[in-house]
Structure formats: structure tokens, C-alpha cells
1. Taking the criterion of being open to solvent by 70 Å² or more (accessible area, probe 1.4 Å) and over 21 Å from Thr134 (Cβ atoms), would at least one residue in the range 171-182 satisfy it?
2. Return the residues of the range 16-31 that are open to solvent by less than 50 Å² (accessible area, probe 1.4 Å) and assigned to a helix (DSSP H, G or I); say none if nothing qualifies.
3. Pick out the one residue from Leu147, Leu174, Leu141, Leu159 that is under 22 Å from Leu75 (Cα atoms) and assigned to a helix (DSSP H, G or I).
4. For the range 1-15, give me the residue count where each residue is part of a helix (DSSP H, G or I) and open to solvent by less than 70 Å² (accessible area, probe 1.4 Å).
5. Among (1) open to solvent by less than 30 Å² (accessible area, probe 1.4 Å); (2) over 18 Å from Glu137 (Cα atoms), where does Leu111 come up short?
6. Could you list, in sequence order, the residues of the range 103-138 that are charged (D, E, K, R) and assigned to a helix (DSSP H, G or I)?
Amino acid sequence: MADDLFSIKNEFYLGNYQGAINEAQSGDLELSSPNDERDRDIIVYRSYIALGQFDVVQSEIGDDAQPALQAVKLLGAYMSYSDKDQKELAEQTLKVWLSDPATQNNPTVALVAGIIYLEKGELEEAARVLHAGTTLEMVALQVQVYLKMARVDVAQKSLTIMTNMEDDATLTQLCSAWVNMELGGEKIQDAFYTFQELADKYNETALLLNGMACCQMHMGKFDEAEKYLLKALSKNASDPQTLQNLIVCAQHTRKAAEVVTRYMNTLSRVAPSCPLLQRRSQAEALFDKHAPSFKAAA
């Protein structure tokens, strides 16, 4: 059975969020059911969230919308909040939904919960809410969670489930590449080919270019990795993943300090809570804490 939303979903999964929005607004799109219209809207609003256009989501999804769209609205609100108390309030709403029989089995509610817990670093909670895995995307998020846990063995089991569900799906191919990168060795080259094939079949996106760059970095080819990352930067100059990878790559290619500083400043502006900056902040705090003792010893 053909999926009327294939192109929209595919653009979204490949990280071409504006492309997904454009596809959804195309006059050629014909949807056969209200469920398709809802799923189209979910992808569109998630694309706006990925682009940082949270106001669109908040203004267009009403309080009387279906639970799935309400969950997406909550995700947009959570991602837009910088205040810890506001984030905790959104999490409380999510917990109410997860315990309410009317919404607890909704796959979009579970998916949003998994995304938020993964964003927070609460990996066990993310794995718990995604455990049922009723959709391909839920299982794909399981794979990401298990890889974050350094449990590639469990991630492989989830990947097998995805393969049984839809082995040639873009999400399945992406997860296969991520698992192969984690496995290392010859599997890294397999991962590279997967990213390259997807880029050749569809379009080069920042997500795919970062995937190819990470494979090159794993193989110690930092000059090659930089080429892919600079191409990704030309597609999205404020993509946090690209900037983080460029900073790592610049250290290995011995770029001038001002180049690294430039990337770091941009990253601080667009993603101040990203993992790389958090680790840097923790390292600086440790240094400041112990530096006086070294001075005293000298």
C-alpha cells in the first residue's frame, strides 16, 4: 500500500525540514483520510520545531486539537523554554498524559516523551516510554537511546525489529548506519556507504553529510571529514551538530585558534546547552577548582 506521506516523512527524517514543509504545502499532495491529514500536520509542525520556529507551532495548534498534535505543541514549548521551571512544568504535563488511559497509548505522545527524556539525558525513562515500539519511528528512537547508553547489543535488537517492519525504509537505513558506526572496524565503511547512497538517492542534507564526516573521523581521515562538514555548513550555518563536529575536526587538523573560537562562539549562540559546551564548562569548572592547589604546590 502506497504511503501518501512518503516524500514529506522522508525529507523530515533526512533533516531537510524546509523541504518537508514545502512538500506538505504542494498542490500535488492528495490525502485520502483525516488520519493522513493529522500525520501531515504532525510532520510539518515538528519540522517547524526543528527549524526553531516555535511560535508557528504555539499559535496554530489550538487547545482543542487532537492528543497527537497537543503532544507536538508541548514538544515545541519544551524546546523553546530556557527556564528550568517552565521545562519542569511541561514535563509534569507529559507525565499526566502518560498515566491517563485516554492518551498513554498514543504513539505520538510516547514518541514526544522519548524525545524529551533523551534531550534531558534521562535515558532509562526514554527507553521505558518507547518500550512498546508500535511505530517505526518509536523503534528508531529506541536505537538512538540504546546507542547513547553504549548498549549497541540492545540497539542491534531494535534494529532487527525495524528491519522486520520495513527493511528498506530510510529510517531503517539511517539506524543501520548509526549502529555500524558504533560497532566500528570494517562496519564504519559500511555506514559511510549507507549515508552516501541515501545522499545520492535523495539529496545531500546536513544530517547525511555529518554522518559521512563522522565515519571519516572514525577512520582518522579528518581532512576528508572537514570537506563534508564545510558542505554541511553551507546548507545550514547554524546547525549545532555540524559546528560541534567542525570543532572536533579543527583540533585534529590543527586549525588556527581563531577558527575554533569562531565555531565555538557560533555554537554558544545557537545551542548553548549542547553536549560539547556542557563538557567544556564542566572541564573549566574542574580546572578552576583545582588550579589553586597546583599553584600552592609550586
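1. At the first step, the residues of the range 171-182 found to be open to solvent by 70 Å² or more (accessible area, probe 1.4 Å) are 182.
From what is left, the residues that are over 21 Å from Thr134 (Cβ atoms) are 182.
Yes, some residue in the range 171-182 is open to solvent by 70 Å² or more (accessible area, probe 1.4 Å) and over 21 Å from Thr134 (Cβ atoms).
2. Within the range 16-31, Gly19, Ala20, Ile21, Ala24 qualify.
3. Numbers: Leu147 fails: under 22 Å from Leu75 (Cα atoms); Leu174 fails: under 22 Å from Leu75 (Cα atoms); Leu159 fails: under 22 Å from Leu75 (Cα atoms).
Just one listed residue meets the conditions, Leu141.
4. The first filter runs over the range 1-15 and keeps only residues part of a helix (DSSP H, G or I), leaving 6-13.
Then keep just the ones that are open to solvent by less than 70 Å² (accessible area, probe 1.4 Å); that gives 7-13.
Count: 7.
5. (2) is the only condition that Leu111 fails.
6. The first filter runs over the range 103-138 and keeps only residues charged (D, E, K, R), leaving 119-120, 122, 124-125, 128, 137.
Listed by number, the residues that qualify are Glu119, Lys120, Glu124, Glu125, Arg128, Glu137.
Residue by residue, here is whether (1) open to solvent by less than 50 Å² (accessible area, probe 1.4 Å); (2) among the aliphatic types (A, V, I, L, M); (3) touching a strand residue (DSSP E or B) at 6+ places or on another chain (Cβ under 9 Å) holds:
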{"position": "Ile247", "(1), (2), (3)": "yes, yes, no"}
{"position": "His252", "(1), (2), (3)": "no, no, no"}
{"position": "Thr261", "(1), (2), (3)": "no, no, no"}
{"position": "Thr266", "(1), (2), (3)": "yes, no, no"}
{"position": "Cys274", "(1), (2), (3)": "yes, no, no"}
{"position": "Arg279", "(1), (2), (3)": "no, no, no"}
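Yes/no per residue for (1) over 20 Å from the mean Cα position of the chain (by Cα); (2) open to solvent by less than 60 Å² (accessible area, probe 1.4 Å); (3) touching a residue at least 60 places away in the same chain (Cβ under 8 Å):
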position	(1), (2), (3)
Ile61	yes, yes, no
Ala77	no, yes, no
Asp83	yes, no, no
Glu88	yes, no, no
Gln92	yes, no, no
Lys95	yes, no, no
Leu98	yes, yes, no
Tyr117	no, yes, no
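The values are calculated or read from the model by the stated rules, or taken from the named source; none is laboratory data. Predicted model, so just to flag it, every value in this text is computed and none were measured. All Cβ positions, glycine included, derive from the backbone under ideal geometry; neighbour counts span all protein chains shown. SASA here: full protein model, heavy atoms, side chains in, ligands and nucleic acids out. Shrake-Rupley method; radii C 1.70, N 1.55, O 1.52, S 1.80 Å.
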